[in-house]
Amino acid sequence: MTRPEDIILAEIQAKHGVEHRLFRNVVSGVYIGKLVGGKVGGTITLAHSRFMNVGLAKGSADLIGIGPGGLFLSVEVKQPGQSPRPDQRKWRDMVLDRGGLAGTARNVEEAGLIISGNRRD
């Protein structure tokens, strides 16, 4: 049975997160504006609303932090058999091109290889 990405992510953070300052990177979007309608059945109304992206950047990895030697560290977490999206590969390549550590991990061991500089995908 394949484990959900959130479980794999939590295992990676438990094993490597403290030593390497590895943080969960949440990339999402929200609507902001003036609240004009109260919460009715779970619904609110905003005036002059606009969408705002939050998080590091579209395509940025699930886990980011500071790796060995102070290098930027970026780990995309996927279930076994899954591959990163094009925007996630672009992010990984950008980090690697600038001297950081980046790659895709499907388990704790693969994350360790990324952190040691021995794996990118």
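The values are calculated or read from the model by the stated rules, or taken from the named source; none is laboratory data. Since the structure is predicted, the reported quantities are computational estimates derived from the model, not experimental observations. Counting neighbours? That spans all protein chains shown, and the Cβs are built from the backbone with ideal geometry, glycine included. Only protein heavy atoms, including side chains, enter the accessible area calculation; ligands, DNA and RNA are left aside. Shrake-Rupley method; radii C 1.70, N 1.55, O 1.52, S 1.80 Å.
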Are there any pairs, at least 6 apart or on different chains, whose C-beta atoms fall under 9 Å, with the first in region 23-46 and modelled with pLDDT of 85 or more and the second of a type in the set (Phe, Trp, Tyr) and open to solvent by 60 Å² or more (accessible area, probe 1.4 Å), and if so, which? 30/51; 31/51; 32/51; 46/31
Restricting to region 79-92, count the residues that are open to solvent by less than 40 Å² (accessible area, probe 1.4 Å) and assigned to a loop (DSSP other than H, G, I, E, B). 1
Just to be sure before I move on: is residue 95 in a strand (DSSP E or B), open to solvent by less than 60 Å² (accessible area, probe 1.4 Å) and hydrophobic (A, V, I, L, M, F, W, C) in the structure I sent? no
Does region 101-120 contain at least one residue that is exposed (fewer than 11 other Cβ atoms within 10 Å of the Cβ), of a type outside the set (S, T, N, Q), at negative phi and not in a helix (DSSP H, G or I)? no
Would you mind stating whether residue 11 is farther than 20 Å from residue 93 by Cα and touching a residue at least 60 places away in the same chain (Cβ under 8 Å)? yes
Quick check, is residue 9 among the hydrophobic types (A, V, I, L, M, F, W, C) and under 18 Å from residue 114 (Cα atoms)? yes
Could you go through region 87-103 and let me know if any residue there is over 15 Å from the mean Cα position of the chain (by Cα), over 17 Å from residue 23 (Cβ atoms) and at pLDDT below 95. no
Quick check on residue 120: is it at pLDDT 90 or above and not small (Gly, Ala, Ser)? no
For residue 49, indicate whether it is closer than 21 Å to residue 90 by Cβ and among the hydroxyl-bearing types (Ser, Thr, Tyr). no
